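The values are calculated or read from the model by the stated rules, or taken from the named source; none is laboratory data. As the structure is a computational prediction, the values presented were derived from the model and not from experiment. Heads up, the Cβs are rebuilt from the backbone with ideal geometry, glycines too, and the neighbour counts pull from every protein chain shown.
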Amino acid sequence: LIHESVKPQFVRAFSDALQRMYNTDGQGVRASDSYCRLVNRRHFDRVRGLMEEAVEQGATVSVGGQMAETENFIEPTLIEDVTDEMRIMQDEIFGPVLPLQTYTDKEDVIRRIRQREKPLALYIHSRSRDQIRFFSENTTAGTTVINDVMLQFNDPELPFGGVNTSGIGKSNGFFSFQEHSNARGTLERQFGTMKMLYPPYTHRIDGLLRFLVRFLS
C-alpha cells in the first residue's frame, strides 16, 4: 500500500534500483551474476501462475516481468492495478514480485489491514514520525519494522513470531528459551505457620486473620 501522491516516484525508484543493481553492463537482469533463481520448477510455476492470473484479471506489469522457465528465472517485478480479490493479494508469494495498491486516506489503510488476517510482519516506510506512530498504534502484527524489511528475524533481542492465524509463540534469544521451557513453580515450607490457621477458629485465630488481612491489604 502506497500513497497515490508518491506512487510515480516509487515506480521510478524501483526501476532505477533494478537497473543499478542487476543490469550494470546493459545485458539485462537475467545475465547478472548477482541475481539468483527460484529454488525449483514447482515454485517457479506457482509464482508465474499468480502473476499471469493477476494480469488476466486486469493487473498490469509496470516494471520487470521477464521470465525464463528453463532457469526458474523471474525478474524483480512490480504489478499495479491489483485488487484484493486476486489470488496474488491473498496468497504468500515467496518470490520477486511486489503488488502495488494506492490509498489516499490513512484510515482506509487501517480498515483494509484489519479486514485481513493478522500479519506476521508489518513494514512501515515513512519519514513522518506521526505517520509511523499512527500505523503502529492502530494495527496488530507479529513484528513491525520501520524503514527496512526482514531485519527483525536476525536480532536476538527481539521476539519473532506471529499473532493469531500468523503464528503462535515467539522465538529468538531469551524469548525462545521462555517459549520452549516449562516454568515450574515450586514451594517448600520452612516454618509451620499454616497450623496457626487450622480449626477450631477461636477469637485468637479470628484476631490473627483480621490482622493479616489488614497487613496484606
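Listed values, structure above:
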| quantity | calculated |
| --- | --- |
| Residue in region 166-176 that is surrounded by 10 or more Cβ atoms within 10 Å (Cβ to Cβ) and touching a residue at least 24 places away in the same chain (Cβ under 8 Å) present | yes |
| Single residue of region 38-74 satisfying the filter (of a type outside the set (A, V, I, L, M, F, W, C) and buried (at least 19 other Cβ atoms within 10 Å of the Cβ)) that is nearest to the chain's Cα centre (by Cα) | G64 |
| Region 144-193 - residue that is among the small types (G, A, S) and part of a helix (DSSP H, G or I) and, of those, nearest to D91 (Cα to Cα) | S166 |
| Residues of region 64-77 satisfying the condition of being in contact (Cβ under 8 Å) with a residue 40 or more places away in the chain and assigned to a helix (DSSP H, G or I) | E71 |
| Number of the exception - P159 against (1) modelled with pLDDT of 90 or more; (2) in contact with a strand residue (DSSP E or B) (Cβ under 8 Å, 6 or more places away or on another chain); (3) surrounded by 16 or more Cβ atoms within 10 Å (Cβ to Cβ) | (1) |
| Qualifying residue in region 153-162 (condition: touching a Leu at 6+ places or on another chain (Cβ under 9 Å), of a type in the set (G, A, S) and over 29 Å from F44 (Cα atoms)) | no |
| In region 1-46, residue nearest to T102 (Cα to Cα) [restricted to those that are of a type in the set (V, I, T) and in contact with a helix residue (DSSP H, G or I) (Cβ under 9 Å, 6 or more places away or on another chain)] | I2 |
| Which listed residue, of V39, V6, V11, is under 13 Å from G64 (Cα atoms) and hydrophobic (A, V, I, L, M, F, W, C) | V11 |
| Exclusive hit being assigned by TED's automatic domain parsing to the domain that holds G169, out of contact with any Lys or Arg (no Cβ under 7 Å at 6 or more places or on another chain) and of a type outside the set (D, E), set R87, R116 | R116 |
| Meets criteria (loosely packed, with under 13 Cβ neighbours inside 10 Å, of a type in the set (S, T, N, Q) and under 23 Å from V109 (Cα atoms)) for N138 | no |
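Residue-by-condition table, conditions (1) of a type outside the set (K, R); (2) part of a loop (DSSP other than H, G, I, E, B); (3) at pLDDT 95 or above:
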| residue | (1), (2), (3) |
| --- | --- |
| R30 | no, no, yes |
| L38 | yes, yes, yes |
| R42 | no, no, yes |
| R48 | no, no, yes |
| S62 | yes, no, yes |
| I79 | yes, no, yes |
| T83 | yes, yes, yes |
| V109 | yes, no, yes |
